[in-house]
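Written below as structure tokens is the structure these notes are about.
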């Protein structure tokens, strides 16, 4: 089965963290096609189901796969659908074009920060995090090119990460003057150790694929151009195991962390809300002046 999400969302430059707001839910448009079709392409994501694995591909390559509200909603709906679909036993996240994702769409973030966005604009980011936090099946990521902002922090919610040997990751939050996001203030120190996480979060340093493997963000780096194939092979292996046992293993691994992840998210979202309500420190005008077009 192939299905996708159709919308008419804005396009813009991107990098950095996601906005905050109350979660809202929107249902995907499902399209059933013949067996083994060409993958269905939509403006925000591609979804391919086969061999027990769902591939979710971020599909805004013209803006480095930046996340705006429709894309947050589309990815969240695809994860929720995979969780409830009995034939899907694992999910792989990847990006189309030259990179994984550059994170939050800065045009949308600037509009939110300056009050120019619509009332629902800030709901996409927490909606996606709710879906990631509750996802109960193995979640893998095939990372190539750059993963920036959410393109890095989303990996804290992923069970197995493979990286192209040329890929790089960065959290530019300190440089942008905004707090950390996606429970990364908890998950990155847990996965990387305090020193490495501090270099990433406080100094906004790039890390390459070998560094990501060495500090526990990624399982392995693979030869250039092979990361999606390698990740899908691993996902199919996992999907071939008895699904109940696999789901129980994941539940036991993550259960003790769920309250801490929820608390970290709340602290970060409160920090964002306070920042955006403070005229002296609100980053909105700076973001707007740095955008082109």
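The values are calculated or read from the model by the stated rules, or taken from the named source; none is laboratory data. The structure displayed is predicted, hence computed values, not measured ones. Quick reminder, even Gly has a Cβ in these numbers, built from the backbone with ideal geometry, and neighbours come from all protein chains shown.
Couple of notes before you dig in:
- Criterion (modelled with pLDDT under 95 and either farther than 21 Å from residue 200 by Cβ or surrounded by fewer than 24 Cβ atoms within 10 Å (Cβ to Cβ) (or both)) met by exactly one of 136, 159, 105, 164: 105
- Selection status of residue 225, modelled with pLDDT of 95 or more, in a loop (DSSP other than H, G, I, E, B) and out of contact with any helix residue (DSSP H, G or I) (no Cβ under 7 Å at 6 or more places or on another chain): yes
- Applying a threshold of 7 Å to beta carbon distances and a minimum spacing of six or more residues, or different chains, the list of pairs starting in region 187-205 at a residue that is on the phi > 0 side of the Ramachandran plot and loosely packed, with under 14 Cβ neighbours inside 10 Å and ending at one that is assigned to a loop (DSSP other than H, G, I, E, B) and modelled with pLDDT of 95 or more reads 193/215.
- Identification of helices (runs of 4 or more DSSP H) wholly contained in region 161-214 with 1 or more residues that are in contact with a strand residue (DSSP E or B) (Cβ under 6 Å, 6 or more places away or on another chain) yields 209-214.
- In region 40-67, the residues that are more than 19 Å from residue 145 (Cα to Cα) and modelled with pLDDT of 95 or more: 47, 48, 49, 50, 51, 52, 53, 54
- Residues of region 58-76 classified as crowded, with 24+ Cβ neighbours inside 10 Å and outside any loop (DSSP other than H, G, I, E, B), total: 9
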